[in-house]
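To start, the structure under review is shown below, and the notes come after it.
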Amino acid sequence: VLACPVCRLALVADGREFGCAAGHRFDRAREGYVNLLRPGRARRARSGDDDGMVRARRSFLAAGHYDGLRSALAHLLVGPGAVLDVGCGEGSFTAALTGVDREVVGVDISRPAVRLAARLVPEATFAVATVQELPVLDGACDWVVSVMAPVHEGEFLRVVRPGGCIVVVVPGADHLDGLRRLLYAEYRPHDEGVPLTDRLEVVDRRRVRAATHLATADEVQQVWAMTPYRWAAPVESAARLADAGAGGLDVTVDFLLTVLRAPPVATPTAGPA
Ligand SMILES: C[S@@+](CC[C@H](N)C(=O)[O-])C[C@H]1O[C@@H](n2cnc3c(N)ncnc32)[C@H](O)[C@@H]1O
Ligand SMILES: [Zn+2]
């Protein structure tokens with residue numbers, strides 16, 4: 001599945017390294033993941049979720065609030081094949097995509113996220129890379145999965161095999177409503193648009209929704225710390241959150257899961273943006 005980010009030939013694991021036939025070599029980190037950000041791009045690229053966000057996400061997901069989504073994903077993928085989890089984060093959902101005779105690859109721009117993911121799901125391969133420039137061979141993936149992560153249509157279409165599936169999870173209208181009502185003076189439902197054009201056929205669309213209670217101030221802080229609200233919401237909202245969080249918080253967990261099928265013949269693409 002993996003491709004050399006320099007020459008795009010197949011990349012294979014060889015002990016402590018990954019390498020291509022043209023002689024490009026990439027060290028494997030102690031945790032097993034590989035950094036495939038192209039030199040020069042690394043500095044320009046935004047680094048994605050930072051260590052604090054990633055740890056908050058891990059603790060929050062471990063408490064089970066998103067288990068409905070995890071099992072929906074696990075049931076969706078059937079049989080053997082190659083799976084790419086783009087923007088995989090700390091890997092809790094990547095873990096749900098593994099199975100017998102599956103080759104699972106997770107990619108994220110955040111090194112702290114990929115490090116945790118590699119420890120959690122040793123049977124998968126993880127790389128630090130961007131969605132705009134996936135280090136993945138053309139047409140290599142039976143499934144391309146994106147869970148609340150940036151979508152790049154050109155790259156998704158390039159790496160999915162003809163007739164393969166793209167699975168996109170976006171937050172539903174009411175996702176984390178209780179939190180957003182506290183943080184913002186004016187509550188606005190999320191836009192549920194899936195950022196992919198009609199070149200793709202939608203074959204399934206389902207909602208995963210549940211009411212949940214964040215019982216402790218810690219959980220309220222975790223969910224805040226793992227979302228962009230931490231940066232976007234005004235300072236006084238954060239104080240409101242701290243007060244309210246002490247008594248717990250009722251929130252809706254709401255996801256929209258869309259499955260799209262790639263055209264049965266390879267789509268000509270211009271390559272990465
Ligand atoms: C909301 S988190 C979702 C993580 C994971 N899919 C999950 O649901 O737990 C979004 C993820 O996208 C990653 N990300 C942001 N920009 C990216 C990019 N340009 N390329 C790859 N990943 C990116 C972040 O580092 C972060 O891990
Ligand atoms: Zn190469």
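The table below lists the values:
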item: Volume per residue of the C-alpha convex hull in region 87-160, rounded to whole Å³; result: 77
item: Radius 10 Å from Cβ of Gly106, net charge of other residues (Lys, Arg +1; Asp, Glu -1); result: -3
item: Heavy-atom accessible surface of region 14-156: percent carbon and sulfur, 1.4 Å; result: 48
item: Proximal charge balance of Gly87 [Cβ under 10 Å; K/R count +1, D/E count -1]; result: -3
item: Antiparallel DSSP beta bridges within region 126-273, percent to nearest 5; result: 80
item: The chain - percent relative contact order, Cα under 8 Å, separation 6 or more; result: 19
item: For Pro195, net neighbour charge (Lys/Arg +1, Asp/Glu -1) across residues whose Cβ lies under 13 Å away; result: -4
item: Kirkwood-based Rg to Rh ratio, region 76-205, C-alpha trace; result: 1.00
item: Fraction in percent of alpha-carbon pairs per bin - 5 Å, the chain; result: 1, 6, 12, 17, 18, 16, 13, 9, 5, 3, 1, 0
item: Å² of accessible area per residue within region 161-273, as computed with a 1.4 Å probe and no ligands counted; result: 52
item: Stretch gain in nm, segment Ala244-Ala185, where the contour uses 0.36 nm per residue and the Cα spacing is subtracted; result: 19.7 nm
item: Prolate/oblate/rounded call for region 1-104, Cα gyration tensor, a/c under 1.5 rounded; result: oblate
item: Inter-site label distance for Thr252 and Asp198 at 7 Å from Cα along Cβ, in nm; result: 2.8
item: Fraction of beta bridges assigned by DSSP in the chain that are antiparallel (%, nearest 5); result: 60
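The values are calculated or read from the model by the stated rules, or taken from the named source; none is laboratory data. The structure presented is a predicted model; accordingly, all values stated were derived computationally and were not measured. When we count neighbours, we look across all protein chains shown, and the Cβ atoms used for this are built from the backbone with ideal geometry, even at glycine. Surface areas here come from the heavy atoms of the whole protein model, side chains and all, with no ligands, DNA or RNA. Shrake-Rupley method; radii C 1.70, N 1.55, O 1.52, S 1.80 Å.
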